[in-house]
Amino acid sequence: MKRKFWNWIRNETDGERTLVLNGEISDETWYGDEVTPALFRKELNAGTGNITVWINSPGGDVFAAAQIYNMLMEYKGDVTVKVDALAASAASVIAMAGTEVLMSPVGMMMIHNPMTIAIGDSKEMQRAGEMLDEVKESIMNAYEIKTGMSRARISHLMDAESWFNAKKAVELGFADGVLHEGEGTEDAVRGAEPEGVMFSRMAVTNSLLSKLVPKETEERVPVEQLEKRLGLLRH
């Protein structure tokens, strides 16, 4: 069996269960694997009642994420997702299964287009591209159900590889709230309301490239004209 990237914690006092997803979502693909998904499902359904899912993951296998998303969506109890530090790529898809999604005030969420490695001739490359397009459509379904945004806008955000802080994730509908919000002093909350911030790899790349492009050559002025403008021309 592949390395387990999840862990269950049970509170013996109230019996509530917590699922911790930490690190890469399956370091190998789940495609064609029957053992690992079956084990995850068995452990998920080993108890009843509401569960909490803590996520801190850069993403990973899209097929694993899809199956975990479906299992959590079908779970009979409420699923509260709490994003610890990062829910990126495939991990953000899993987060969309939460009945309620809460972001750490210092957490981040990232969405982007699916990627793969393909080897072969032009036909193989074309098939790989078509497969990625279909995978993107399936991922967009999860984002659309949670956020209510148009598919066109979601697609644009994925194209740009978009990163959201907690406030922006809530503004866009990817999350429902921010953990520990309002626990500081009232004056601090009123006086320094944090802003929702989003940035994309595309925007950062374009900004860096613009700084590397040489500026247009400035107009060259003869020395005599320059001296005249400055009142320094000799008689």
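I'm checking my understanding of the structure. Among residues of segment 5-25 that are of a type in the set (D, E, K, R) and assigned to a loop (DSSP other than H, G, I, E, B), which one is surrounded by the fewest Cβ atoms within 10 Å (Cβ to Cβ)?
Glu12
Could you grab me the full set of residues in segment 50-78 that are among the aliphatic types (A, V, I, L, M), more than 15 Å from Phe5 (Cα to Cα) and touching a strand residue (DSSP E or B) at 6+ places or on another chain (Cβ under 6 Å)?
Ile51, Leu72, listed by residue number.
Could you check segment 97-129 and list, in sequence order, the residues that are within 24 Å of the chain's Cα centre (by Cα) and among the acidic types (Asp, Glu)?
Selection gives Glu100 alone.
A quick yes/no check of all residues on (1) assigned to a helix (DSSP H, G or I); (2) without any contact (Cβ under 8 Å) to a residue 40 or more places away in the chain; (3) surrounded by 18 or more Cβ atoms within 10 Å (Cβ to Cβ):
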| site | (1), (2), (3) |
| --- | --- |
| Ala64 | yes, yes, yes |
| Ile68 | yes, no, yes |
| Met73 | yes, yes, no |
| Val81 | no, yes, yes |
| Ala85 | no, yes, no |
| Val93 | yes, no, yes |
| Gly98 | no, no, yes |
| Val101 | no, no, yes |
| Val106 | no, no, no |
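Failed condition for Arg201, given (1) within 25 Å of Asp61 (Cα to Cα); (2) surrounded by fewer than 13 Cβ atoms within 10 Å (Cβ to Cβ); (3) basic (Lys, Arg); (4) at pLDDT below 75, with all others met?
Result: Arg201 fails condition (2) only.
Determine whether Ile119 is in a loop (DSSP other than H, G, I, E, B), out of contact with any Phe, Trp or Tyr (no Cβ under 6 Å at 6 or more places or on another chain), more than 22 Å from Thr18 (Cβ to Cβ) and among the β-branched types (Val, Ile, Thr).
Here the answer is yes, as Ile119 does meet what is asked.
Within segment 32-58, how many residues turn out to be in contact with a Leu (Cβ under 9 Å, 6 or more places away or on another chain) and either charged (D, E, K, R) or part of a loop (DSSP other than H, G, I, E, B) (or both)? Working first, answer last.
Going residue by residue through segment 32-58, those that are in contact with a Leu (Cβ under 9 Å, 6 or more places away or on another chain) are 43-44, 51-58.
From the residues that got through so far, the ones that are either charged (D, E, K, R) or part of a loop (DSSP other than H, G, I, E, B) (or both) too are 43, 58.
Qualifying residue count for the region: 2.
Residue-wise test of (1) among the aliphatic types (A, V, I, L, M); (2) at pLDDT 85 or above; (3) more than 27 Å from the chain's Cα centre (by Cα); (4) over 17 Å from Ala66 (Cα atoms).
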| site | (1), (2), (3), (4) |
| --- | --- |
| Met1 | yes, no, yes, yes |
| Ile9 | yes, yes, no, yes |
| Glu12 | no, no, yes, yes |
| Gly15 | no, no, yes, yes |
| Ile25 | yes, yes, no, no |
| Glu28 | no, no, no, no |
| Gly32 | no, no, no, no |
| Leu39 | yes, yes, no, no |
| Lys42 | no, yes, yes, no |
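The values are calculated or read from the model by the stated rules, or taken from the named source; none is laboratory data. Keep in mind that what you see is a predicted model, and the values were worked out from it rather than measured. Every residue, glycine as well, gets a Cβ built from its backbone with ideal geometry; the counts of neighbours run over all protein chains shown.
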